[in-house]
């Protein structure tokens, strides 16, 4: 009887596994996995997955779908280890996330996750992600590989940075209006320079507000992985204002400032310089680990301040910090916002004493533009388009013409 019994076929090899904290969560993921793979998949917990990767049954796995939510953020080290071990065993990773912070997503994607799909799953999105993982890469000749993600423009733009030494000192207003004035500085018969405005205040940057531009997810995608950034990805992340000014807005979500490194900042600035004649950068007030990269890349670093004690103290702190790190403090150009009027002799004397006490030269004094400046910012317009005769606008326009004239003179000399 036993000799004539039919031989049981070997079970189908596993092609994939879901990995989740609780076995009764992410029901939509389970339904989509059944629809895509039938019975050729399994289900694991996080700790179980680490042990399973070393088993012979895991050798047939093509990918894992790791499902996480906000409660899993306290276990980022474990989640990162799961991704790392999967990659070490040649298994690709699809990250399924619900209500997870951008910083946590960024960290896990950096660990090596191949695809990201939000939960609840959009219809057909999991199947599309699986298809992308299973697609055979097109063969690429060896000599072409170095050019795959390194295309750049042929320009060598000037980098101008604005940094507020205290909150509300007008750094963003200066950046936005200076960028616009540079974009429109040439005469009608001349070729207008190409200008790019980068908002590096990742948490509370307001360049998008001052120009009435939307904040897009493409910005976060660009910032999260600058190593694979090419010119096409960079240009697609930019928005245009009045078809003259290109803008990289701050991300739509509040991100930690250390999500970027000095290498990331250098890649973005180098890409922008290769495509534009002027690159204007609005920095966060906070000093971060990549502030040095921005200072080194800048031709001019405008530090905005006001005629008050907080600005004086912060100026002294920043100056000492830069000098202690042996950074090029000669690039700093101190800008006094809401400077006293020409007839205010007492105010002029206070400005002189401030410069002498701090041992600095206050080279740029910007007049108080009044309520018109606030209204222009609220309406999403540069001062030149809202109140062209505003005294602050006139001073910034004068600065733009001076910078452009210096740039032209240096180009002709070269």
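Structure values in brief
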quantity	calculated
Residue 243 on the phi > 0 side of the Ramachandran plot and touching a residue at least 60 places away in the same chain (Cβ under 8 Å)	no
Residues of the stretch 154-180 satisfying the condition of being out of contact with any strand residue (DSSP E or B) (no Cβ under 8 Å at 6 or more places or on another chain) and either surrounded by fewer than 24 Cβ atoms within 10 Å (Cβ to Cβ) or not in a helix (DSSP H, G or I) (or both)	154, 155, 156, 167, 168
Criterion: within 21 Å of residue 251 (Cβ to Cβ) and surrounded by 18 or more Cβ atoms within 10 Å (Cβ to Cβ) - qualifying residue of 121, 109	109
Test result for residue 394, surrounded by fewer than 16 Cβ atoms within 10 Å (Cβ to Cβ), within 28 Å of residue 242 (Cα to Cα) and in contact with a strand residue (DSSP E or B) (Cβ under 9 Å, 6 or more places away or on another chain)	yes
Total residues in the stretch 315-328, condition at pLDDT below 90 and under 20 Å from residue 365 (Cα atoms)	0
Hits in the stretch 50-61 - residues which are crowded, with 17+ Cβ neighbours inside 10 Å and modelled with pLDDT of 85 or more	52, 61
Meets criteria (in a helix (DSSP H, G or I), in the same structural domain as residue 352 (by TED's automatic domain parsing), under 27 Å from residue 365 (Cβ atoms) and more than 14 Å from the chain's Cα centre (by Cα)) for residue 310	yes
In the stretch 285-307, the residues that are surrounded by 17 or more Cβ atoms within 10 Å (Cβ to Cβ), in contact with a helix residue (DSSP H, G or I) (Cβ under 7 Å, 6 or more places away or on another chain) and assigned to a loop (DSSP other than H, G, I, E, B)	288, 290, 298, 307
Residues of the stretch 237-270 that turn out to be over 18 Å from residue 283 (Cβ atoms) and touching a helix residue (DSSP H, G or I) at 6+ places or on another chain (Cβ under 6 Å), as a count	4
Test for residue 354: is it assigned by TED's automatic domain parsing to the domain that holds residue 247, part of a loop (DSSP other than H, G, I, E, B), surrounded by 18 or more Cβ atoms within 10 Å (Cβ to Cβ) and in contact (Cβ under 8 Å) with a residue 40 or more places away in the chain	no
Residues located in the stretch 369-379, provided they are surrounded by 16 or more Cβ atoms within 10 Å (Cβ to Cβ) and either more than 28 Å from the chain's Cα centre (by Cα) or not in a helix (DSSP H, G or I) (or both)	369, 372
Residues satisfying the stated conditions in the stretch 83-115, i.e. assigned to a helix (DSSP H, G or I) and either out of contact with any helix residue (DSSP H, G or I) (no Cβ under 7 Å at 6 or more places or on another chain) or farther than 26 Å from residue 257 by Cα (or both)	85, 86, 87, 88, 105, 110
Some residue of the stretch 127-139 being more than 22 Å from the chain's Cα centre (by Cα), crowded, with 22+ Cβ neighbours inside 10 Å, modelled with pLDDT under 90 and not assigned by TED's automatic domain parsing to the domain that holds residue 290	yes
For residue 348: the one exception among (1) under 22 Å from residue 303 (Cβ atoms); (2) more than 28 Å from the chain's Cα centre (by Cα); (3) buried (at least 18 other Cβ atoms within 10 Å of the Cβ)	(3)
Candidates 317, 333, 393, filtered to the one that is closer than 30 Å to residue 187 by Cβ and assigned to a helix (DSSP H, G or I)	393
Residue check for residue 282: closer than 19 Å to residue 163 by Cβ and modelled with pLDDT of 95 or more	yes
Criterion (surrounded by fewer than 16 Cβ atoms within 10 Å (Cβ to Cβ), in contact (Cβ under 8 Å) with a residue 60 or more places away in the chain, under 13 Å from the mean Cα position of the chain (by Cα) and in the same structural domain as residue 195 (by TED's automatic domain parsing)) met by exactly one of 263, 253	253
Condition met for residue 73 (under 17 Å from residue 26 (Cα atoms) and either touching a helix residue (DSSP H, G or I) at 6+ places or on another chain (Cβ under 8 Å) or surrounded by 19 or more Cβ atoms within 10 Å (Cβ to Cβ) (or both))	yes
Residue count for the stretch 87-106, restricted to those that are under 23 Å from residue 71 (Cβ atoms), at pLDDT 85 or above and buried (at least 16 other Cβ atoms within 10 Å of the Cβ)	6
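The values are calculated or read from the model by the stated rules, or taken from the named source; none is laboratory data. Treat the numbers as computed from the prediction; the structure is a model and nothing was measured. Cβ atoms come from the backbone with ideal geometry, glycine included; neighbour counts cover every protein chain shown.
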